[in-house]
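Okay, structure first, notes after.
The values are calculated or read from the model by the stated rules, or taken from the named source; none is laboratory data. These numbers come from a predicted model, not from an experiment. All Cβ positions, even for glycine, are placed from backbone atoms using ideal geometry, and neighbour counts span all protein chains on display.
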Amino acid sequence: MSSVEQRIAQFTKMATDDPENDMAHYSLGGALMEAGRHAEAAGSYLRATQLNPTFSKAYQMAGQALIEAGQQSRAGEVLTEGYAIAAERGDLMPKKAIAALLESIGAPIPEVAGAASEAPVPEGAFRCQVTGKLGTPMSRPPFKGPVGAWIAENVSRETWNDWIGQGTKVINELRLDLSRDEDAATYDRHMREFLGIDDALLAQLQQSN
């Protein structure tokens, strides 16, 4: 059994054993996407949005999976809803990604109330590149390496603290043992998704190191 098939089996069992676990469904969606099973992935991501209606990243991924599955009309509906939620919450990275997906299928970008990122940055202030909100800069990278350095430069302390809370949920609900390489990789993948560090940015950061 391949690595992705093992993860699909793991997350399928987890989502079946605990059907109200939004992170299990979201993780299952990611594994199904990696396996090219886009329609099934969309279903898992959409289940995550049903369980957690403010999960803007899940709307983004559901829309992407639906596009890959050839369901553009449904993708437009999901992405439009996700864009409004991301804008309301100030989730800048998912908002930008959802806008790009809407444009890719020729769907209109919804008009929403002005977000914090549209306002000028006061002198000496720090704007988080994940949420678009003004916040407190981090005093040091949270860990060594290029990803940690990027986080320190682009992510506010408030957003990082939000990830710590979400990361604890990931560990608990996915029953991760961070001493195991595969579990640590799962945790890191969720962290990067939460902070908007996609594969292209990750590769760029790794090459610049």
#### Entry: Qualifying residues in the stretch 123-140 (those that are touching a Lys or Arg at 6+ places or on another chain (Cβ under 7 Å) and of a type in the set (A, V, I, L, M)) - the one modelled with the highest pLDDT
138
### Message
Which condition from (1) modelled with pLDDT under 95; (2) more than 17 Å from residue 198 (Cα to Cα); (3) not assigned by TED's automatic domain parsing to the domain that holds residue 198 is the one that residue 157 breaks?
### Response
(3)
### Selection from the stretch 138-148 of residues that are surrounded by 15 or more Cβ atoms within 10 Å (Cβ to Cβ) and touching a residue at least 12 places away in the same chain (Cβ under 8 Å)
138, 142, 146, 147
### Query
Take the residues of the stretch 169-209 that are surrounded by 15 or more Cβ atoms within 10 Å (Cβ to Cβ) and outside any helix (DSSP H, G or I): which is nearest to the chain's Cα centre (by Cα)?
196
### Query
Is it the case that residue 116 is surrounded by fewer than 23 Cβ atoms within 10 Å (Cβ to Cβ) and modelled with pLDDT under 95?
yes
### Query
Is there any pair linking a residue in the stretch 183-204 that is under 14 Å from residue 150 (Cα atoms) to one that is among the β-branched types (Val, Ile, Thr) and at pLDDT below 90, with Cβ under 6 Å and at least six apart or on different chains, and which?
195/130; 196/130
### Message
So, residue 152, is that one assigned to a helix (DSSP H, G or I), loosely packed, with under 15 Cβ neighbours inside 10 Å and either modelled with pLDDT under 95 or not assigned by TED's automatic domain parsing to the domain that holds residue 18 (or both) or not?
### Response
no
### Task
Go through the stretch 140-181 and count every residue that is of a type in the set (Gly, Ala, Ser) and closer than 19 Å to residue 89 by Cα.
3
